[in-house]
Every structure is written in structure tokens, then in C-alpha cells.
């Protein structure tokens with residue numbers, strides 16, 4: 001799958017911009033603040049219906065305007081397809097494929113897949129477990145709609161169960177019978193969520209380790225450990241065991257919504273023992289593995305969005321990555337960088353089908 | 001126009017009352033009130049009379065809890081209907097939907113809602129006790145669960161099943177799957193998947 005054309009109107013800092021892309025590497029170079037990342041974000045919008053920064057849609061409208069528009073022309077399974085996204089202040093977001101409005105945005109997600117590697121991925125290491133669960137859940141949901149459905153239902157059951165626990169406290173009543181109704185719902189949807197995640201991590205690990213070795217060229221041994229109390233007991237038993245604590249705390253303390261992923265390097269958490277470069281290698285390998293995973297499940301190669309990828313890497317790792325991305329493993333790639341010369345070298349190295357855009361504050365220059 | 005600057009207290013009162021209704025904002029409310037002002041006295045009286053009588057005289061059927069003009073509703077008192085089958089629905093609106101199918105000749109039982117702790121609705125707020133009493137007294141062969149296919153609907157189904165499965169009554173639920181007239185390519189994966197799992201024997205009607 002390829003993005004052939006992109007048109008922006010009043011999106012972030014762009015008044016109006018028109019791009020024609022090459023089938024392989026497309027890079028955007030320029031100084032800080034000229035809007036390189038915004039282009040990647042626009043592509044992210046077309047793929048996943050939202051900004052990768054998870055901001056409110058209306059915050060992406062150029063200052064002083066009341067709407068923005070993003071239009072893309074994709075080549076997918078040999079056909080040209082148009083995707084249109086329009087956001088107007090205080091109005092519902094419009095999303096169209098081939099001029100037909102979607103009734104549900106979730107129908108679009110997964111048709112034009114993309115993977116973004118960006119400095120904000122750091123949150124996966126530095127922030128709480130919610131980020132790591134989100135990574136896992138969105139990676140699986142991109143190809144498995146049944147999983148998404150089960151996850152949503154599971155979360156609803158937890159929400160209702162928590163409300164019931166609260167109401168027990170308020171009314172000074174306790175009904176094990178009512179609680180067990182929601183336990184059953186949690187078990188029905190939670191068990192498959194757990195085993196799907198387990199399978200996913202098991203499948204992802206070898207690919208991830210391969211990419212880490214390719215990027216680092218080092219001996220460090222990295223691992224992804226899915227930590228869940230459901231490895232040791234069924235959700236039914238866990239809920240039974242946590243009952244008195246749940247009643248006191250008035251929320252559900254066990255289940256897949258409390259799972260975490262541990263990122264390990266040489267047997268220790270990378271959060272505490274990895275250098276910045278090692279952490280970035282780790283995250284990049286993780287995203288590349290995620291890419292590979294989707295490419296295989298979908299039988300179409302996602303678009304790879306690499307935001308400020310080379311920052312923090314030593315020269316050797318930059319070389320390794322250049323070799324990796326310019327090989328045949330990835331489909332169409334979009335890269336931003338501040339070093340114009342470095343990008344020129346990369347493109348010279350990887351043959352034809354590439355385009356290089358030099359972004360200035362007020363215009364865009366195409367370098368041959 | 002500033003909608004809050006009324007020239008008359010009476011007008012303002014009427015607008016405020018209409019605006020309390022669901023789906024009606026202050027602008028629509030004002031439009032309705034001004035419309036009523038242009039109408040004949042008798043016409044307005046008919047309207048207010050209809051509303052008052054509705055509120056004062058409406059009954060809930062003692063058997064099925066449906067809205068009715070008498071203590072026992074027309075459905076429950078109809079001897080031609082099948083009194084051994086009871087269809088359990090969430091609300092009065094659902095009775096109308098099932099009736100509109102013209103496919104059902106049994107009785108109903110209106111729960112008045114579904115179990116949802118988030119909305120503060122528990123079993124005591126709904127008519128489960130009456131349903132169980134009805135079943136325990138015998139004479140009912142089948143209970144059809146016709147609740148929404150949401151998590152709350154499912155949970156309510158489980159709850160009813162647990163309360164009723166000790167009685168000799170058949171408990172059934174609406175079929176779930178691809179809807180009539182749908183093209184498969186537009187059916188969502190969850191629904192299509194479930195239809196496959198619950199597929200049925202193909203029978204030619206002669």
C-alpha cells in the first residue's frame with residue numbers, strides 16, 4: 001500500500017500544501033518548528049482517524065481558522081483510493097473513503113495501516129502500565145476486530161462491576177449474587193483477552209529480538225515479559241481471592257486491566273538500567289516488530305512513519321538503521337530529520353523511488 | 001433576539017415548562033408556545049386535557065406492567081392470545097416493536113429497564129419478583145428473552161435465567177446474527193462471526 005498524494009488545508013502550520021510521494025523513502029528535512037512532524041501526523045490521521053499525539057481534533061486547526069482538511073490518495077491492491085478527513089470547530093469529524101462518509105470510524109481503522117516511530121514513544125518506557133497496555137491493545141486490534149470487541153466488552157464489565165462495588169458501600173448492602181453476574185461477564189471477555197495478549201507477545205518477541213540485534217549490533221539480550229496474575233490462576237479464582245479487598249477499595253483490583261509489560265535488557269528493567277540510546281533502540285525495534293506483525297497479518301505492508309528517528313543514536317546505529325530501512329523489508333517510508341546532508345546520503349544509498357522535501361517556513365522545496 | 005428577554009411572565013413560564021421535555025430546547029419551546037397562542041381556545045384545551053388525563057388515568061397492567069387504560073391490559077385480557085408464552089422486554093416501546101412484527105401471539109412482561117449499576121438500576125427497581133411469581137404459579141411453558149444485545153441486556157438475561165431455571169419452563173432468547181436484507185460484505189465481523197457459529201439447518205418451505 002502506498003500514499004501517492006497528500007493535500008493539506010489549514011492543518012497545523014500549513015496554509016495549503018500539496019505533495020506527491022515516491023513509492024519508497026520520502027523524507028522531510030528542515031529546521032526545528034517548520035512542520036516536518038505535522039506531515040507525518042496528517043498521514044497518521046488518514047490511517048487512524050486521529051493525531052498520534054492524541055490531542056483534540058480542533059487543536060490541529062491552524063490558528064485563526066475554523067476548520068482543516070486532509071486528503072490523501074492511496075494505491076491499495078492496485079486501486080486508487082481517496083481518503084478525506086475534515087474537522088470543523090464544534091462539529092463532528094468528517095471521514096470519507098472514495099467520497100463515501102463513514103458511519104463508524106472504526107470501520108476505517110486497519111484498512112490503511114501505519115506505524116509511527118516517534119520520540120513520544122518514550123512514554124512506553126517512562127510512564128505507567130496504561131501506556132504499555134495501550135500499545136499491546138492497539139497493536140492487536142489493528143488486525144483483530146474480535147479482540148477489540150472483547151476488550152471493549154471487558155472494560156464495560158469492569159466499569160459496571162466497580163459501580164456495583166461502590167453502590168454496596170453506599171447502601172451498606174452486599175449481594176454476592178449480583179456481583180457474580182458481572183464476574184461472569186468479566187471472565188467471559190477477560191479470558192480471551194488475556195490469551196490473545198499472551199499469543200501476541202510470544203509471536204512478537206523473536207521478531208523484536210532480531211530487530212534489536214540489527215539496530216544495536218551488540219550483545220545485549222532484550223526481552224518482552226507479559227506480566228499478568230492470570231499466568232498463575234484463572235480469573236474466576238483471582239476475583240474470588242480479591243473479593244474482600246475489592247469491597248474495601250470499591251474497585252476491581254485483578255484482571256487483564258491491571259496487566260503490564262516488562263521491558264528487560266540483560267535481565268534488568270531497561271527503564272532503570274538502559275542508556276538513552278539503548279532505550280531508543282529498544283523502542284525502535286519494538287515498533288519495527290509491530291510493523292512486521294501487521295504486515296504479515298494484513299498481507300499488506302503498512303506505511304512506516306519515522307519521526308526524528310536518528311536523534312540520540314551513535315553513528316554505528318544510524319548506519320545499521322539506514323541499512324535496515326533501505327532494504328526490502330519495509331514498504332513506503334516517511335522520515336523527518338534535521339540533517340539534510342545525512343538524508344541525501346541515505347537516499348543515494350537506497351536507490352530509486354525516493355523523494356526528498358526540504359521544508360521551509362513558507363514553502364517546500366523538492367531536492368533531486 | 002435574546003431568548004431570555006420575555007415580555008410576559010406567562011409566556012416565560014410556558015416556555016420553561018416545554019423546555020423541560022426531552023429533545024426540546026428553548027428555541028423550539030418558544031416556537032411551540034407561540035404556535036399555541038395562535039390556536040383556538042378549544043384546541044389548546046383539548047391538548048392540555050389530553051395530557052392531564054393521560055397522567056391521571058393511565059394504568060400499568062397488573063399482569064404484564066404494560067401501559068393500559070384498565071387494570072388488565074388488552075393483550076393480557078385477550079382470550080385469543082397464547083397465555084402460556086411470555087415475552088420479556090425492557091420497556092413499553094419494545095412491546096410496540098414486537099407487536100408490529102405481527103409474528104407474536106403470546107403475552108408480555110415489561111421489566112421497566114435493565115440491570116445497570118452505573119445508572120443505579122438494580123434488580124429491586126425492576127419487575128423480576130412479579131415475573132418469578134408468575135412463572136412459579138405454573139401455566140407458562142416458555143419465556144422469551146427479548147432484551148437489547150448489549151452487555152447490560154446480556155447480564156439481565158443471565159440474572160433472569162438464574163432465577164427461573166429451577167422452574168419447569170423453557171427459556172429462549174431472540175436469534176442474533178445478520179439482519180434480513182443485509183449484504184454480507186456490509187455485515188460487521190462480529191455479527192457475521194456469530195451468525196456462522198449459530199448457523200441453522202437449511203429447510204425449504206414447501
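Please treat every number below as a calculation from the coordinates, not as lab data. Fair warning: this is a prediction, and the values are worked out from it, not measured in the lab. Cβ: placed from backbone, ideal geometry, glycine included. Neighbour counts: every protein chain shown.
The label point for residue A:366 and the one for residue A:56, both projected 7 Å from the Cα toward the Cβ, are 3.8 nm apart. Potential lengthening of the chain between residue A:324 and residue A:107 amounts to 74.9 nm, from the contour at 0.36 nm per residue minus the alpha-carbon distance. Between 0 and 90 degrees, the angle of helix A:176-216 with respect to the longest Cα principal axis of chain A falls at about 30 degrees.
Ordering B:85, B:28 from the fewest to the most neighbouring beta carbons within 10 Å gives B:28, B:85. Find how many whole Å separate the alpha carbon centroid of the stretch A:264-310 from the alpha carbon centroid of the stretch A:35-82. The stretch A:35-82 and the stretch A:264-310 have Cα centres separated by 23 Å. Out of all DSSP beta bridges in the protein assembly as shown, what portion is antiparallel? Express it as a percent rounded to 5. Bridges in the protein assembly as shown that DSSP calls antiparallel: roughly 60 percent.
Please give the FRET efficiency for residue A:75 paired with residue B:119, using the beta carbon to beta carbon distance and R0 = 60 Å, rounded to the nearest 0.05. The pair residue A:75/residue B:119 has a calculated efficiency of 0.80. The mean of 1/r over all pairs of different alpha-carbon atoms in the stretch A:81-224, once inverted, gives a Kirkwood hydrodynamic radius of 19.1 Å. If you take the Cα centroid of the stretch B:183-206 and the Cα centroid of the stretch A:151-230, the two points sit 31 Å apart. Among beta bridges from DSSP that stay inside the stretch B:79-201, the antiparallel ones total about 5%. Between residue A:266 and residue B:16, the modelled label-to-label distance comes to 7.5 nm, taking each label 7 Å out from Cα in the direction of the beta carbon.
Only beta bridges with both residues in chain B are counted; by DSSP, about 20 percent of them are antiparallel. Each label was represented as a point 7 Å from its Cα along the Cα-to-Cβ direction; for residue B:172 and residue B:5 these points are 6.5 nm apart.
For the protein assembly as shown, the normalised intensity computed at q = 0.10, 0.12, 0.13 Å⁻¹ comes to -1.06, -1.25, -1.33 (log10 of I(q)/I(0), Debye sum over alpha carbons, equal scatterers, no solvent).
Annotation: extensible slack from residue A:236 through residue A:99 equals 44.5 nm (criterion: 0.36 nm per residue apart, minus Cα-Cα distance). Working from Cα positions, state the angle (0 to 90°, nearest 10) between the long axis of helix A:276-298 and the longest principal axis of chain A. Computed tilt is about 90 degrees.
Ordered by the number of other Cβ atoms lying within 10 Å of each residue's own Cβ, fewest first, A:312, A:24, B:166 fall into the sequence B:166, A:312, A:24.
List the residues of the stretch A:241-267 whose backbone N lies under 16 Å from a point placed 7 Å from the Cα of residue A:195 along the Cα-to-Cβ direction. It comes to A:256, nothing else. For the pair the stretch A:239-258 / the stretch B:107-144, the C-alpha centres are spaced 29 Å from each other. Computed on the stretch B:79-201, with alpha-carbon pairs under 8 angstrom and 6+ residues apart, the relative contact order is 23 percent.
Relative to the longest principal axis of the Cα atoms of chain A, the long axis of helix A:145-171 makes an angle of roughly 40 degrees.
For a paramagnetic label modelled on residue A:134 (point 7 Å from Cα along Cα→Cβ), amide N atoms under 16 Å away belong, within the stretch A:112-127, to A:116-127. Other protein chain C-beta atoms within 10 Å of residue C-beta, averaged over B:107-116: 1. Using the Cβ-Cβ distance between residue A:253 and residue A:341 with R0 = 41 Å, the FRET efficiency computed as 1/(1 + (r/R0)^6) comes to roughly 0.15. Remark: mean inter-chain Cβ contacts per residue of B:151-163 equal 4, using a 10 Å Cβ-Cβ cutoff to other protein chain atoms.
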